[in-house]
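Here is the structure we will look at.
The values are calculated or read from the model by the stated rules, or taken from the named source; none is laboratory data. Treat the numbers as computed from the prediction; the structure is a model and nothing was measured. Here Cβ is always computed from backbone atoms with ideal geometry, including for glycine, and neighbour counts include all displayed protein chains. We work out accessible area using only protein heavy atoms, side chains counted, and drop any ligands, DNA or RNA first. Shrake-Rupley method; radii C 1.70, N 1.55, O 1.52, S 1.80 Å.
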Amino acid sequence: MIDVLFIIPNSSSKAYQELAKEYSAKEPPTWALLLAKSCLSKGFSAEILDADALRIENKESIKDIEYLSPRVCCFVLYGQNPNSGTTSMIGAEDLAKDIKEAGINTSICFIGSHVSSLPREVLKNPNIDFVLINEGVNGIADLLKTNLKDNIEKCDSLGFKKSNKMFFTQKSTLVPNERMDIDLPGYAWELLPKKNSSLDLYRAHYWHSYFKHDNQKFVSVYSSLGCMFACNFCMINIVNRTNLNDYTDASSFKGMRFWSPEFFLSELDKLHELGVKHIRLADEMFFLNKKYYIPILEGIIKRGYNFNIWAYARVDTVREDQLELFKKAGVNWLALGIEAGSQNVRQSIEKGKFRDINIRDIVKLIKSYDINVLGNYIFGFPEDTLDTMNETLDLAIELNCEHANFYACQALPGSPLYTQALKQNLEIPKKYEEFAFLSYECKPMPTNYVSSKEVLKFRDDAWHKYFSNPTFLNLVKNKFGDENMNNVIKQSKIRLKRKLLGD
């Protein structure tokens, strides 16, 4: 018997369709690794079951759970994409049901961004015994100190059931900045499923590994948690939730906490020893606070590590005087949240602070330092029309970034947009699959002028237009070679099936 088994359910086929076979990344379960290491440091026994990376069905998972006999099965439903917590629920509820039906003597706890967004709704599920409403570091430790029955009302951030009624504890806290190195002391890499080594099952996004055809040895890590901004389509900061007030969303919990640069560099030392090549710095805003990022980047350079790093920035946080440092440290990709081509649309979603900055100049500047740009674009914001969506697509094609993500706008649980949709009694997806950007059942928001169906069709057509564009293909060929260009051509021939479009 172990104290806790952290489970990442397999939701890949429904979330990514045909793209799951070759093109979707397999990311190590960052939050499960953090929580497991925290529990181990407090003297609890822990294991990780990454059913998503192993691509195993529930029957196999049940066998592993029976063998490990955990006191608590903790489903970790975070992910690094804004909708990941919700789409992870696809496989989580099914596996929880199968665990209960198998008669395994274990308690089931759910934790993640969707859980923090809608804790009461999640706890209604008869197969779920506990929920944790924020990052869960303090909550899971408190719960494991009990016998899972007595005195649980004193636990941090916990929702539970007694006599068929739901209760939530009054105390809800986060790890303070000054205790990040202590209470979140790194990642339990040793608990990952073994193949040849602990990271061989994972693979980078295909574009992230353009430089090196071997896309294994990939990790996603944080040097900070949270974000200082409050874009109304984003729910990332719901991980910081510390109350259960009605109509509370991520915008109420803005803020960032940082591991010390010295501690983070010690984690990079471990990754170097493990032979890691590709690193996603999952911080919402790595390129923001030079007090933290400068010593990290200088430390990487001093050590001579040859990582291929991908980091995030806002258009209005990019500093030219730091770009040479980023490149020297191996930051070969900067992801920018450009979102929309229309200034009016950007302002309507609280993304207008870079209105005086020329997006074209910033992208050109980044590229001048031989750093590739990943442009993120969203179609279907409330003020979007067909004309403004075409404006966004035209901008994407003009910028011709080395990679681009195209999303159909969703009112994601935990986001201000979701709260707004509730207050206005707008139609919101009822199934988890409908929130998944690439799923068969994807159901984006309608705008004030364009239907949900039109938004989805526009997004899919725009994606194919961008990735089959000869100008883009020539860019890939000239920078990354024929093999990578042909890989893009092969991927661009995969058409997602969409229920909303009659497939």
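Of note:
- Per-peptide packing, taken as the mean over residues of other Cβ atoms within 10 Å, places 174-182, 250-258, 409-417 in the sequence 409-417, 250-258, 174-182 from highest down.
- For ILE338, the amide hydrogen comes within under 5 Å of the amide hydrogens of ASN376, counting only partners 5 or more places away or on other chains and with H modelled in the peptide plane.
- Per residue, in Å², the accessible surface of the chain once ligands and nucleic acids are set aside, probe 1.4 Å: 40 Å²
- Placed amide H near PHE379: partners under 5 Å, 5+ positions off or other chain: TYR407, ALA408, CYS409
- Estimated [θ] at 222 nm from DSSP helical runs (n ≥ 4, -39500 (n - 2.57)) normalised by residues in the chain, nearest 500: -10500 deg cm²/dmol
- Evaluated with a Cβ-only charge set (Lys, Arg +1; Asp, Glu -1), the chain carries a dipole of roughly 200 debye about its Cα centre, given to the nearest 20.
- Translational diffusion of segment 212-283 was estimated from the Stokes-Einstein equation, with Rh taken as the Kirkwood radius over Cα pairs; at 20 °C and 1.002 mPa s the coefficient is 149 µm²/s.
- The packing ranking, built from the mean of other Cβ atoms within 10 Å per residue, places the peptides 57-67, 420-430, 364-374 in the order 364-374, 57-67, 420-430, highest first.
- Cβ-based charge dipole, the chain, positive-most Cα from PHE167, THR447, GLN216: PHE167
- Net charge, ASP370 excluded, C-beta distance under 13 Å - Lys, Arg +1, Asp, Glu -1: +3
- Surface composition of the chain: carbon and sulfur make up 47 percent of the accessible area, probe 1.4 Å.
- Semi-axes of the equivalent ellipsoid of segment 135-280 are 33, 20, 16 Å, computed as sqrt(5λ) over the eigenvalues of the C-alpha gyration tensor in descending order.
- Kirkwood-Stokes translational diffusion coefficient of segment 412-451, alpha-carbon pairs, 4 °C, 1.567 mPa s, µm²/s: 120 µm²/s
- For LYS171, the residues 5 or more places off, or on other chains, whose built amide H falls under 5 Å of its own are SER157.
- Of TYR449, TYR305, TYR210, the order by accessible heavy-atom surface (1.4 Å probe, DNA, RNA and ligands excluded), from most exposed downward, is TYR449, TYR305, TYR210.
- Cα centroid separation, segment 70-125 to segment 239-281: 21 Å.
- Computed over the alpha-carbon pairs of segment 115-209, the distance histogram in 10 Å steps reads 14, 33, 26, 22, 5, 0 percent, short to long.
- Student exercise, segment 367-503 dipole from Lys, Arg, Asp, Glu Cβ charges, in Debye to nearest 20: 500 debye
- Note that segment 216-228 has calculated 3J(HN,Hα) couplings of 8, 6, 10, 9, 10, 9, 10, 9, 8, 10, x, 8, 7 Hz, one per residue in order, obtained from phi through the Karplus relation 6.51 cos²θ - 1.76 cosθ + 1.60 (θ = phi - 60°); glycine and proline are x.
- Counting only Cα atoms, the size of the chain along its three principal axes is 63, 55, 39 Å, in decreasing order.
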